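*Asks:* My questions all concern the structure below.
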Amino acid sequence: MDRVLKFRYFLVALLLWNCGETPKQQKTEDTPTTKTEETNSVATETEETDDAVILFFGNSLTAAYGLDTEEGFPNQIQLKIDSLGLNYTVINSGLSGETTAGGRNRLDWVLNQEVDIFVLELGANDGLRGIPLTETRANLQAMIDLVREKNPETRIVLAGMQIPPNMGMEYTTEFRNIYPELAKANDVALIPFLLEGVAGVPELNLEDGIHPTADGQKIVANTVWQVLKPILK
């Protein structure tokens, strides 16, 4: 199957501010804000496939904010899969500005299709906004539970995240610990830190200092691949 067709977008939503810029045009961070967020959902290809489905469910990191979506790590994963001749189709369900609460609200609709591997990448926006950690943990747990309720055979990968110490060291530490604790409690695979080797490196991030450049996305893809590859049949 053609690589372009194999990389389908079930939902790629672009966060809008007061103007109609695309993420590639925006140069400011969209997440830590108190303004009302509006999203513009982009209709996507839904061609039938016999391939197993890997769904990346996340925020602007998954959606490749500021870049062409093909430069994002989910598409880089698709290219790795294709190079090995494996029958998997990657679906990018990244939504810029998404919190765990927002993800929890839209997940049921996303799971209307069969998903073989579900990669959960949410929480960074919660941390940047100082959302109570009990809420973040509860939302992540609820999403894990819903995926298993829909299909107990779906394999889940949880992408760990860390945040700057803006909210204080106690909050920062507890936030970081949510991911390994949930992974252990639910017996799911864990990517210890999605932005390992990228976070804090200026040349690997856009001007906002948060979202990876195209080169940064390639490093993120390699980090994800280390955990994902052993799971693939």
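*Asks:* Taking the residues in segment 107-132 that are closer than 16 Å to PHE57 by Cβ and free of Cβ contacts under 8 Å to residues at least 60 places away in the same chain as candidates, determine which candidate is surrounded by the most Cβ atoms within 10 Å (Cβ to Cβ).
*Replies:* Once the filter is applied, the top-ranked residue is GLY123.
*Asks:* Additional query: Just to be sure before I move on: is GLN141 open to solvent by 40 Å² or more (accessible area, probe 1.4 Å), assigned to a helix (DSSP H, G or I) and within 22 Å of ILE54 (Cα to Cα) in the structure I sent?
*Replies:* yes
*Asks:* Among what's in segment 67-89 and is over 18 Å from LEU120 (Cα atoms) and of a type in the set (A, V, I, L, M), pick the residue that is most open to solvent (accessible area, probe 1.4 Å).
*Replies:* The selected residue is LEU84.
*Asks:* Sticking with this structure for a sec: I need every pair where a residue in segment 188-216 that is under 18 Å from ASN59 (Cα atoms) and among the aliphatic types (A, V, I, L, M) has its Cβ under 8 Å from the Cβ of a residue that is open to solvent by 20 Å² or more (accessible area, probe 1.4 Å) and part of a loop (DSSP other than H, G, I, E, B), sequence separation at least 6 or different chains.
*Replies:* Hits for this filter: LEU195/GLN162; ALA199/GLN162; ALA199/PHE193; LEU206/LYS27; LEU206/THR213; ILE210/GLU29; ALA214/LEU67.
*Asks:* Between VAL198, VAL157, which is more than 28 Å from ASP51 (Cβ to Cβ) and in contact with a helix residue (DSSP H, G or I) (Cβ under 8 Å, 6 or more places away or on another chain)?
*Replies:* Of VAL198, VAL157, the one residue that is more than 28 Å from ASP51 (Cβ to Cβ) and in contact with a helix residue (DSSP H, G or I) (Cβ under 8 Å, 6 or more places away or on another chain) is VAL198.
*Asks:* Mind telling me which of the residues VAL188, VAL147, VAL198, VAL157 ends up being of a type in the set (A, V, I, L, M) and in contact with a Pro (Cβ under 8 Å, 6 or more places away or on another chain)?
*Replies:* Answer to the selection: VAL198.
*Asks:* Taking VAL147, is it in contact with a strand residue (DSSP E or B) (Cβ under 8 Å, 6 or more places away or on another chain), among the aliphatic types (A, V, I, L, M) and part of a helix (DSSP H, G or I)?
*Replies:* Criteria met by VAL147.
*Asks:* Which ones in segment 90-106 are crowded, with 20+ Cβ neighbours inside 10 Å and not charged (D, E, K, R)?
*Replies:* Within segment 90-106, VAL90, ILE91, ASN92, SER93, GLY94, LEU95, SER96, GLY97, THR99, THR100, GLY103 qualify.
*Asks:* Which of the helices (runs of 4 or more DSSP H) found entirely inside segment 45-129 contain at least 3 residues meeting this: among the polar types (S, T, N, Q) and touching a helix residue (DSSP H, G or I) at 6+ places or on another chain (Cβ under 6 Å)?
*Replies:* Ranges flagged: none.
*Asks:* Look at ASN166 and say whether it is at pLDDT below 95 and either outside any helix (DSSP H, G or I) or out of contact with any Asp or Glu (no Cβ under 8 Å at 6 or more places or on another chain) (or both).
*Replies:* Taking the combined requirement at face value, the residue satisfies it.
*Asks:* Could you say which residue among LEU194, LEU228 is surrounded by 17 or more Cβ atoms within 10 Å (Cβ to Cβ), in contact with a strand residue (DSSP E or B) (Cβ under 9 Å, 6 or more places away or on another chain) and farther than 14 Å from LYS80 by Cα?
*Replies:* LEU194
*Asks:* Mind checking whether some residue in segment 145-168 is open to solvent by 30 Å² or more (accessible area, probe 1.4 Å), touching a residue at least 60 places away in the same chain (Cβ under 8 Å), more than 26 Å from LYS80 (Cβ to Cβ) and not aromatic (Phe, Trp, Tyr)?
*Replies:* No: segment 145-168 contains no residue that is open to solvent by 30 Å² or more (accessible area, probe 1.4 Å), touching a residue at least 60 places away in the same chain (Cβ under 8 Å), more than 26 Å from LYS80 (Cβ to Cβ) and not aromatic (Phe, Trp, Tyr).
*Asks:* Continuing with the same structure: Which one of these is under 18 Å from LEU122 (Cβ atoms) and of a type in the set (D, E, K, R): GLU196, GLU207?
*Replies:* GLU196
The values are calculated or read from the model by the stated rules, or taken from the named source; none is laboratory data. All of these numbers come straight from a predicted model, not from anything done at the bench. We place every Cβ from the backbone using ideal geometry, glycine too, and count neighbours over all the protein chains shown. Side chains are part of the model used for accessible areas, which takes the heavy atoms of the whole protein and leaves out ligands, DNA and RNA. Shrake-Rupley method; radii C 1.70, N 1.55, O 1.52, S 1.80 Å.
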